[in-house]
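Undergrad: First, the structure itself, so that you have it in front of you.
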Amino acid sequence: MIHLMAKKKYLFFKEKLKNLYHKQKLSTFKIAKIFNCTAGTIVNRMKEYGIKRRQSGPKRINISKKGLYVLYVKRGLSAKEIAKIYHCEQTAILNQLRKYEIPIKHLKEKVDMPQEDLENLYTKQKLSTYKIANIFHCSSGTVYRYLKLYKIKTRPLKRVQITKDQLENFYIKKKFSLSKIAKFYKCCPAIVLDKMKKYRISRRTISETSTRHFKKDFNEDSVEKSYLIGFRLGDLRARKNYNLIEIGCGTTKLAQIQLINNLFNRYGPIWITKKDKNGAFHIDCSLNSSFKFLLPKHNSIPKWILNNKTNFFSFLAGYTDAEGNISISQGRAKFRIRSYDKGILKDIHQKLRNSGIKSLFRLDKKAGINKRGVFQRKDSWEVAVNERKSLLKLLKNLKPLINHKKRKKDLVNALMNVISRLEN
């Protein structure tokens, strides 16, 4: 499915984003709600603007054992009061107390839980000890102790009958949340979590639980994998974002956008923007970790591709769809690939020669200011195939593997040209 991304998801004013995040101390999730986008989009824009992120988790504090002992034991301050002094969370102070092996004091203030209120909540409203604990801001154990104190008859422990296979089906296959599973079995999420621990079922990561769009694993087909690596090296950027692989590019060619969409839309969500002021479209796709093979920016073709003929021509088809040119000039078909990837082009040239295809490998343009006055940061290299029989062999190998709409059309025209010239 193609999602046309609205401009407001891309146009964030730096100062406004900085104000919301640093001055108002809003989380990326809360900011995302304001702009009606995902937290990932907010994080991406912050990186682009160079906005430094806050430390995640409890704030790390620098406090000595002696200093903490004086405040907590001698002066009798609570962990909450010390946290206010150090501008951190109470959890951070409690962690330091445990680290320094300073005994943690129990609350001196007694929890006010009238018998009448407790009987109403537990007996009449049938609330669990967990829900009552939330109301009185205490633990479920405290609620249970009050039930015993007031001699309120407790309900028998509910035995939830759920097998490992059932739990795996709900949690892993159907991706149900703990609360949704608990609702199905009419129990609290804590009981479901206990069952998961018992069956040793691993919990989903934060990144997985916050994933809104379905993502499919790569099928590990070596031919398709070779093509995707070739195409990625030629035209795609790829990066890791937690457990996700994000790929994308910007181009003025709609055919290239359509190709990328066709390649990846069955594996993950696609976002395509409208044309920017330079007339370019931007496409992005979010994939799962089975696509981590797209992350490396290889300087040469991987050996497992070079050592297999089908894999090599599939790689070459992907690289051609990204960087290649198949044309007819002065009545003669030609095949060209120009790029900065000297190592890749050199490997292509050598493999073509070893396959009986005559090719040329040469420097196309040197780094520096070119004839149009544009600065070129690196040397540009070229691989070319012009000889008729070599072209025929090359084009026949590439024909079933090329996916780019225009390249396919150009290849068919070039193939007809070569066959015609060989017959004459």
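Undergrad: Provide the gained length on full extension for the span Lys65 to Glu387, in nm with one decimal, where the gain is 0.36 nm per separating residue minus the Cα-Cα distance.
TA: Between Lys65 and Glu387, full extension yields an extra 108.0 nm.
Undergrad: Starting from the Cα-Cα distance between Asn370 and Lys180, subtract it from 0.36 nm times their residue separation and give me the gain in nm to one decimal.
TA: Separation in residues times 0.36 nm, less the Cα-Cα distance, equals 62.1 nm.
Undergrad: From the phi of every residue in segment 72-85, what ³J(HN,Hα) in whole Hz does the Karplus formula 6.51 cos²θ - 1.76 cosθ + 1.60 yield, where θ is phi - 60° and glycine or proline is x?
TA: 7, 9, 5, 8, x, 6, 7, 4, 5, 5, 5, 4, 5, 5
Undergrad: How far is helix 222-235 tilted, in degrees, relative to the longest principal axis of the Cα atoms in the chain, given as a value from 0 to 90 rounded to the nearest 10?
TA: Taking the Cα atoms of the chain, the angle to 222-235 is about 80 degrees.
Undergrad: How much length, in nm to one decimal, is gained on full extension between Phe214 and Ile104, taken as 0.36 nm per residue of separation minus their Cα-Cα distance?
TA: Taking 0.36 nm per residue and subtracting the Cα distance, the gain is 35.1 nm.
Undergrad: Continuing with the same structure: Just to be sure I understand the model, the point goes 7 Å from the Cα along the line to the Cβ. What's the resulting Tyr340 to Ile85 distance in nm?
TA: 5.5
Undergrad: OK, next. Run down the aspartates and glutamates and flag those whose C-alpha is under 18 Å from the C-alpha of Lys406, throwing out any fewer than 8 positions away in its chain.
TA: Answer for Lys406, where 18 Å is the Cα cut-off: Asp235, Asp321, Glu323, listed by chain and number.
Undergrad: A further question follows. Pop the C-beta distance of Lys52 and Arg377 into the FRET formula with R0 = 30 Å and round what comes out to the nearest 0.05.
TA: 0.55
Undergrad: Using a Cα-Cα cut-off of under 19 Å, which aspartates and glutamates could be cross-linked to Lys389, ignoring same-chain neighbours fewer than 8 residues away?
TA: Asp410, Glu423
Undergrad: Same structure, new question: Relative to the longest principal axis of the chain, what angle (0 to 90°, nearest 10) does the C-alpha long axis of helix 140-149 take?
TA: 20
Undergrad: As a test of the formula, what do you get for the chain when each DSSP H run with n ≥ 4 contributes -39,500 (n - 2.57) and the sum is divided by the residue count, at 222 nm and rounded to the nearest 500 deg cm²/dmol?
TA: Result for the chain: -12500 deg cm²/dmol, rounded to the nearest 500.
Undergrad: Let me ask something else about it. Starting at the first residue of segment 386-403, write each ³J(HN,Hα) from the Karplus equation 6.51 cos²θ - 1.76 cosθ + 1.60 with θ = phi - 60°, in whole Hz, x for Gly and Pro.
TA: 10, 5, 4, 5, 5, 5, 4, 5, 5, 5, 5, 6, 7, 3, x, 10, 5, 10
Undergrad: Okay, moving on. Straight distance only, please: which lysines reach the Cα of Lys124 with their own Cα at less than 24 Å, same-chain residues fewer than 8 apart left out?
TA: Result set, ordered by chain and number: Lys148, Lys151, Lys153, Lys158, Lys183, Lys186.
Undergrad: Set the bar at 29 Å for Cα to Cα. Now go through Lys126/Lys198; Lys47/Lys274; Lys346/Lys405 and name every pair that lies beyond it.
TA: Long pairs (Cα-Cα over 29 Å): none in the table.
Undergrad: Can you work out the FRET efficiency for the pair Asp117 and Lys197, with r the C-beta to C-beta distance and R0 = 30 Å, to the nearest 0.05?
TA: 0.35
Undergrad: Between Glu89 and residues 5 or more places away or on another chain, which pairs have amide H atoms under 5 Å apart, with H built 1.01 Å from N, and which residues are they?
TA: Answer set, sorted by chain and number: Lys59.
All of the numbers you see were taken from the coordinates with simple rules; none came from a lab. Keep in mind that what you see is a predicted model, and the values were worked out from it rather than measured. Methodologically, a virtual Cβ is constructed for each residue, glycine included, from the backbone with ideal geometry; neighbour enumeration extends over all protein chains shown.
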